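Just so it is clear, none of the values below were taken in a lab; they were calculated from the coordinates. Every value quoted in this text rests on a predicted model; they were computed, and no experiment measured them. When we count neighbours, we look across all protein chains shown, and the Cβ atoms used for this are built from the backbone with ideal geometry, even at glycine.
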């Protein structure tokens, strides 16, 4: 047991080295902000799109307080390994589709809408951890992230997502579920080997940016749904009124 307990993936409270944390912070922000820049510059020409990515990459890799990573790290620490994986996967697919027709990319996996199930899992997990910081539960959920039990929970979630994807066909949203399942497994494996980013498994799986992004997506979809819910009866009422007026004439 002493030998097993000395291994990084079975140790409790083991944190990564400072140099590894700094490298992960620079690379993490480069991947996340780089993917965001490529996504935001989709309507622009290919050269401008990837020139913007290179500028963001350079800004994030500059060491010290002259780089963007220094200031982002002060406010937000390091992106989760899951968010870094999402950014990397998006960049790879965007590069492969760089010469594709813009209309054809709408239904492609790189630009497909995230399924509501994934967004709800992210939002609920984030709120649980947020409430845990205020001691809303009888036990500390965040502290479980330092134990091997966290790895088991993440692997079960990944397996559940993969099983759900097998039941929903072969569409772009199904691919999103499989992508996230693979990202969770790879991110957890990296965390077990390196203990990045903070030594806690929950920090490797979820961060404020990912949590807030999922909430914004759900809120925007709810607003669209409510707008349609109000608009359709209004259109029917106007059509009925126009029909009545036409008969009266």
Please state the shape class of region 12-233: rounded when a/c is under 1.5, otherwise prolate if a/b exceeds b/c and oblate if not, all from the C-alpha gyration tensor. oblate
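What list do you get for 167, 93 if you sort them by fewest beta carbons within 10 Å?
167, 93
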Simple spin-label model, 7 Å along Cα-to-Cβ: residue 42 to residue 98 in nm? 1.8 nm
With each label point set 7 Å from Cα along the Cα-Cβ vector, what nm distance links residue 142 and residue 54? 4.2 nm
Obtain the nm distance between the two label points defined at residue 14 and residue 223 by a simple spin-label model: each point lies 7 Å from its Cα along the Cα-to-C-beta direction. 4.6 nm
Segments 49-60, 185-196 sorted - mean Cβ within 10 Å per residue, highest first: 185-196, 49-60
